[in-house]
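As structure tokens, the structure follows; a few thoughts come after it.
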Amino acid sequence: PGCRGAQGRFAYKLLHDLFANYSSALRPVEDTDRALNVTLQVTLSQIIDMDERNQVLTSYLWVRQTWLDAHLTWHKDDYGGIDSIRIPSSYVWRPDIILYNNADEHFGGSMETNVVLRWDGHIMWDSPAITKSSCKVDVSYFPFDGQRCRLTFGSWTYNGNQIDLRNQLDTGDLTDFVENVEWEVLGMPATRNVITYGCCSEPYPDVTYTLLLRRRASFYIFNLLLPCIMVSFLAPLGFYLPADSGEKVSLGVTVLLALTVFQLLVAESMPPSESVPLIGKYYIATMTMITASTALTIFIMNVHHCGPGARPVPPWARRLILHHMARLCCVYEVGESCKSPRRALGGQAGRGDAGGPGESPGEGQVGTEAGGCPWDHCLCHQDALLRNVGYIAGCFRRHRAKQRRTGEWKKVAKVMDRFFMWVFFLMVFLMSVLVLGNAA
């Protein structure tokens with residue numbers, strides 16, 4: 001206890017002797033023409049927030065500055081062997097090292113912590129600081145993007161002839177870094193730059209730490225990308241729905257609205273710049289595809305609901321759609337084969353036409369009996385009977401021709417539905433592969 005009391009008296013005497021005639025306002029060098037060497041080392045403790053929309057990085061840093069104060073030296077033997085003391089940083093001169101690209105509106109700076117003063121005049125000042133720095137965010141490959149955020153430290157008033165700022169290590173210290181859930185730190189290289197600004201002719205050195213970040217994309221894959229891919233695969237199924245269901249256009253509009261919601265979620269967190277993120281491009285391309293599929297669905301439904309007064313299917317459409325595309329898409333009617341569909345649709349109509357006159361004699365006989373003239377004794381009604389039978393047969397043939405035209409247009413619509421369904425399935429698959437390929 002007596003030794004500790006002696007140490008306390010020596011420390012008090014040392015503090016009084018050191019600062020008796022000391023001023024913290026002047027640069028502590030014996031020769032004012034020589035530059036004071038200041039060494040800087042930054043330790044990254046935590047990434048608090050990355051605001052992509054405002055392009056601001058909030059980080060928790062430990063900043064260590066060391067320099068030599070020529071006016072604060074003593075002999076250890078004169079003060080009981082004391083080789084270092086810890087005093088408030090406001091007692092000594094401190095270099096005005098600040099963060100050049102600071103984006104904090106309050107500009108708080110470093111915390112007022114103690115400095116470690118050694119007997120030979122070396123001062124080490126460790127101060128924690130929560131900094132907000134401007135960072136140019138490139139979201140072209142969001143959510144598979146990486147960012148390069150720079151932290152530039154330098155003196156605000158002293159030029160390179162007065163303070164020679166240097167980095168202690170070639171990289172920032174990441175040994176005490178707390179892992180971030182969204183960002184992965186790949187490195188933090190440090191470089192020293194000497195810049196001559198337009199306002200002054202003297203050089204100004206600075207130390208720039210480049211924080212290399214890579215986004216952890218798992219959250220965005222499961223919450224933004226995969227739902228979009230699954231929803232976009234529903235759009236081609238609108239072509240598979242029967243035209244009489246009345247839900248073909250409703251499905252396309254519903255999918256389009258769902259993708260619009262996802263697009264708004266991405267746009268809220270992105271900066272309003274010209275660079276569109278990768279996932280935004282995928283959303284826009286998918287929404288364009290769904291808009292086109294909805295428009296084609298409306299056109300195909302119009303073809304499907306062609307009435308009896310529609311024109312016959314053109315020969316080129318019959319040959320291209322009903323023969324080649326129907327065989328390619330495996331669209332066939334009941335009784336047909338996917339490999340060899342029956343092409344003679346008129347044969348069925350011909351056999352159906354033959355059944356029409358079969359009923360006419362009965363109707364003609366009823367007519368003759370109503371007139372009171374026996375069939376086998378009166379030949380004057382044969383011409384009228386033939387005209388009635390011909391009229392009925394003509395009506396039946398026209399009715400069958402209208403049904404055949406309507407059926408052909410419905411089959412054209414069905415073949416086009418199947419064809420565009422596979423085309424849009426292929427487009428969705430290719431767009432998904434391109435997005436994942438660009439991300440890789």
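The values are calculated or read from the model by the stated rules, or taken from the named source; none is laboratory data. Note that this is a predicted model, so its numbers are computed, not measured. Neighbour counts run over all protein chains shown; Cβ positions are idealised from the backbone, glycine included. Surface areas here come from the heavy atoms of the whole protein model, side chains and all, with no ligands, DNA or RNA. Shrake-Rupley method; radii C 1.70, N 1.55, O 1.52, S 1.80 Å.
The fraction of accessible area contributed by carbon and sulfur in the range 90-223 is 52 percent, rounded to a whole number (1.4 Å probe; ligands and nucleic acids excluded). Look at where the Cα atoms of the range 182-253 and of the range 384-398 average out, and the two centres are 73 Å apart.
Dipole size of the range 8-215 about its Cα centre, with +1 on Lys/Arg Cβ and -1 on Asp/Glu Cβ: approximately 60 debye, rounded to the nearest 20.
At a Förster radius of 30 Å, what calculated FRET efficiency corresponds to the Cβ-Cβ distance of V249 and R319, to the nearest 0.05?
On the way: r = 30 Å, r/R0 = 0.99.
Efficiency at R0 = 30 Å is approximately 0.50.
Summarising the label geometry, the points placed 7 Å from Cα in the beta-carbon direction at S84 and A384 lie 13.2 nm from one another.
Modelled label positions at H75 and I298, each set 7 Å beyond Cα in the direction of Cβ, lie 9.9 nm from each other.
The apolar share of the surface of the range 1-86, taken as the fraction of accessible area on carbon and sulfur atoms (1.4 Å probe, ligands and nucleic acids excluded), comes to 47 percent.
In what order, largest first, do K136, K13, K411 sit by accessible area if the probe radius is 1.4 Å?
In descending accessible area the options line up as K136, K13, K411.
Entry comment: accessible area of the range 31-175 is 50 Å² per residue, from protein heavy atoms only and a probe of 1.4 Å. Using a Förster radius of 56 Å, what is the FRET efficiency between T291 and H106 based on their Cβ-Cβ separation? Nearest 0.05, please. Computed FRET efficiency for T291 and H106 comes out at 0.70. Label separation (R192 vs D33): 2.3 nm, computed from points 7 Å beyond Cα along the C-beta direction. Sorted largest first, the principal axis extents computed over the alpha-carbon atoms of the range 65-218 equal 64, 40, 30 Å.
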